[in-house]
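I have placed the structure first, in the form of structure tokens, so that the comments after it can refer back to it.
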Amino acid sequence: MLAVAGTYQNGQIKLDELVSSTSPVKVIVTFLDEIKPEVEKRLTIADFSFTQARKDTETYTGSFSDAVIEERRNEL
């Protein structure tokens with residue numbers, strides 16, 4: 001096993017040393033610096049507004065229960 005340091009940038013890995021091989025070689029890449037993952041947006045209590053929900057559904061004339069059932073069936 002051989003360990004070679006390098007740098008990863010924009011989808012490319014640049015090795016600090018030249019490594020020659022006549023056939024494909026499997027490698028393991030370990031990121032030593034912390035890479036922060038994208039933060040997933042989570043719902044907060046501020047995302048739920050009774051007033052906004054009433055405003056959004058004031059022109060809705062169907063059955064809310066039927067709409068929820070249909071939406072859940074479509075997800076299956």
Arg54 vs. criteria part of a helix (DSSP H, G or I) and either modelled with pLDDT of 90 or more or not aromatic (Phe, Trp, Tyr) (or both): yes
Kindly provide the set of residues from the range 25-59 that are exposed (fewer than 10 other Cβ atoms within 10 Å of the Cβ) and either over 31 Å from the mean Cα position of the chain (by Cα) or at positive phi (or both), ordered by number. Thr51, Arg54, Glu58, Thr59
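The values are calculated or read from the model by the stated rules, or taken from the named source; none is laboratory data. Keep in mind that this is a model prediction, so the values were computed, not measured. Glycine gets a Cβ as well: all are built from the backbone with ideal geometry, and neighbour counts include every protein chain shown.
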